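The values are calculated or read from the model by the stated rules, or taken from the named source; none is laboratory data. Since this is a predicted model, take the numbers as computed values, not measurements. Every residue, glycine as well, gets a Cβ built from its backbone with ideal geometry; the counts of neighbours run over all protein chains shown. The protein model used for the area step is the full one, side chains on, heavy atoms only, and it has no ligands, DNA or RNA in it. Shrake-Rupley method; radii C 1.70, N 1.55, O 1.52, S 1.80 Å.
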Amino acid sequence: MPFTLPDLPYAFDALEPHIDARTMEIHHGKHHAGYVAKSNAALDGTKFADMAPADVLRSLGDVPDDKRTAVRNNLGGHYNHSLFWPCLAPAGKGGGGAPAGALAAAIDASFSSFDGFKSAFSDAAANRFGSGWAWLTVKDGVLRVCSTANQDNPIMGEIICAGGACSCQACGGTPILGLDVWEHAYYLHYQNRRPDYIAAFWNIVNWDQVAKNYASATG
Ligand code: MN3
C-alpha cells in the first residue's frame, strides 16, 4: 500500500487570518504531497512500504543505507505534516483556548502552568535555527518540549540525538503537538516575522485533538 496524502480536515481558508489560504494550498498540495511521492519512490517494493510511517521512523536504522536519508527527510515530512494538520482548527470553532482534563493536568505538572508551557514551546519554535519543528512530546508519562531540524521527529530517537549530544531528553518520545517553522509554513503572509506566526498559532490549536494524541500515547 503506497503512502497517501490525507485530506485536510477543514477548508484551505478556514484558518485565516492566522494562516492564509494560499499558504495552506501550497503547503498541503505541494510540500506535503511531495513528501508522500518521494517516500513512495524511495520505499516502493520494500517491506517498509507496507508499514505505518511511525513504525518505519522508529526503526530508521533498519532502513537500507542508500534509502535512509530519503526516508528520514520525506517520510519524516509525511509523518510530521499528517500529525500537524489535525492539531489545527479554525479559531473559535475548535481552535484556540486551553486544554482540559488529563492533558491540562499533565501540562501543569510538567510546566507549572499552561502559560509556562506556551512560553517554553514558543521559545523552542522561535529558537530553531533554519527549518524545523517545535514539539510537545510525552515519554514515560512526562511531557517535554523540544525542537528538531528539517523533517526530523523525536520518534526517530538515537539517530537524531547525535550519540547523546542532545540534551532535550525528548528523543524517542511521542509527539502530541507540533508546529512547523519551515519558512514555507508562514513566509507568504508573515515574511521574516516568525514570532508573529508562532503567536497566531495559539489561536488555532485544536486541543481536543492534542488530548486524543495524549490519550493514545499514554494509554
Ligand atoms: Mn511544512
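Hey, does segment 115-126 have a residue that's under 28 Å from N40 (Cβ atoms), surrounded by 15 or more Cβ atoms within 10 Å (Cβ to Cβ) and of a type outside the set (G, A, S)? Steps first, answer last, please.
As a first pass, look at segment 115-126 and keep what is under 28 Å from N40 (Cβ atoms): none.
No - not one qualifying residue is present in segment 115-126.
Residue-by-condition table, conditions (1) within 16 Å of the ligand (Cβ to nearest atom); (2) over 26 Å from P99 (Cα atoms):
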{"residue": "K118", "(1), (2)": "no, no"}
{"residue": "A126", "(1), (2)": "no, no"}
{"residue": "S131", "(1), (2)": "yes, yes"}
{"residue": "P195", "(1), (2)": "no, no"}
{"residue": "I204", "(1), (2)": "yes, no"}
{"residue": "Q209", "(1), (2)": "no, no"}
{"residue": "K212", "(1), (2)": "no, no"}
{"residue": "G219", "(1), (2)": "no, no"}
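Considering each residue of segment 43-50 in turn, at least one proves to be among the small types (G, A, S) and either farther than 20 Å from F201 by Cα or in the same structural domain as G157 (by TED's automatic domain parsing) (or both). The set of residues in segment 73-96 being open to solvent by less than 20 Å² (accessible area, probe 1.4 Å) and among the aromatic types (F, W, Y) consists of F84, W85.
Kindly evaluate T174 against the criterion of being out of contact with any Gly (no Cβ under 9 Å at 6 or more places or on another chain) and not basic (K, R).
Values: out of contact with any Gly (no Cβ under 9 Å at 6 or more places or on another chain): yes; not basic (K, R): yes.
When the stated conditions are applied, T174 passes them.
Assessment of segment 98-105 against the conditions (out of contact with any Phe, Trp or Tyr (no Cβ under 6 Å at 6 or more places or on another chain) and within 16 Å of the ligand (Cβ to nearest atom)) yields no matching residue.
Tell me yes or no: at least one residue of segment 167-183 is in a helix (DSSP H, G or I), at pLDDT 95 or above, surrounded by fewer than 17 Cβ atoms within 10 Å (Cβ to Cβ) and within 15 Å of the ligand (Cβ to nearest atom). Walk me through it before giving the result.
Within segment 167-183, the first condition is being in a helix (DSSP H, G or I), and the residues that meet it are 183.
Pick out the ones that are also at pLDDT 95 or above and you get 183.
Still in the list and also surrounded by fewer than 17 Cβ atoms within 10 Å (Cβ to Cβ): 183.
This time we only want the ones that are within 15 Å of the ligand (Cβ to nearest atom), so: 183.
Yes: one or more hits.
For A42, the conditions (1) in contact (Cβ under 8 Å) with a residue 60 or more places away in the chain; (2) more than 27 Å from A217 (Cα to Cα) all hold with the exception of (1).
List the helices (runs of 4 or more DSSP H) inside segment 11-81, counting only whole elements, that have at least 3 residues being more than 14 Å from the ligand (Cβ to nearest atom) and hydrophobic (A, V, I, L, M, F, W, C). Talk me through it step by step, then tell me what you get.
On the way: elements: 21-26, 33-43, 53-58, 65-70.
Passing ranges, in order: 33-43, 53-58.
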